[in-house]
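Chemist: Once you've had a glance at the structure underneath, I'll fire off some questions.
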């Protein structure tokens, strides 16, 4: 006979895992960006939408962060720091994508660097 408690916990953990994957997928597909003539804009959010416009002249730094797990999946975190970043909002960057394809993140960074004339040391 099967232990119903173990089976119940197993089923619940599988459902939580599936819910987490579906929620992450919706978060991933609900992000959109535009590299305009004078500004970088992005929209994100599934239920509550947030749209941010960042003029290129305000961009000071662009970071691409990858943890070990992100490297395995081929994704990165793109962080765009602006002149208005300070510690009043907890030090959080004005523009960031939590999860974005690594190749797309590199392309975004290259285009923004060209438009802002920022030099990044490699």
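Chemist: Kindly indicate whether residue 7 is surrounded by 10 or more Cβ atoms within 10 Å (Cβ to Cβ) and within 26 Å of residue 113 (Cβ to Cβ).
Modeler: no
Residues are listed down the side, and each one gets a yes or a no for (1) surrounded by 11 or more Cβ atoms within 10 Å (Cβ to Cβ); (2) in contact (Cβ under 8 Å) with a residue 12 or more places away in the chain; (3) more than 19 Å from residue 106 (Cβ to Cβ):
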position: 31; (1), (2), (3): yes, yes, no
position: 38; (1), (2), (3): no, yes, yes
position: 58; (1), (2), (3): yes, yes, yes
position: 79; (1), (2), (3): yes, yes, no
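Chemist: Please indicate, with yes or no, whether at least one residue in segment 24-43 is assigned to a loop (DSSP other than H, G, I, E, B), at pLDDT below 85 and on the phi > 0 side of the Ramachandran plot.
Modeler: Scanning segment 24-43 turns up no residue that is assigned to a loop (DSSP other than H, G, I, E, B), at pLDDT below 85 and on the phi > 0 side of the Ramachandran plot.
Chemist: Checking the structure you have, find out if any residue of segment 19-30 is more than 17 Å from the chain's Cα centre (by Cα) and over 27 Å from residue 116 (Cα atoms).
Modeler: Yes, the conditions are met somewhere in segment 19-30.
Chemist: Condition check: farther than 19 Å from residue 116 by Cβ, touching a strand residue (DSSP E or B) at 6+ places or on another chain (Cβ under 6 Å) and in the same structural domain as residue 103 (by TED's automatic domain parsing). Does residue 58 satisfy that?
Modeler: no
The values are calculated or read from the model by the stated rules, or taken from the named source; none is laboratory data. Small disclaimer: the values here were computed from a predicted structure and weren't measured. Every residue, glycine among them, receives a Cβ derived from its backbone with ideal geometry; neighbour counts consider all protein chains shown.
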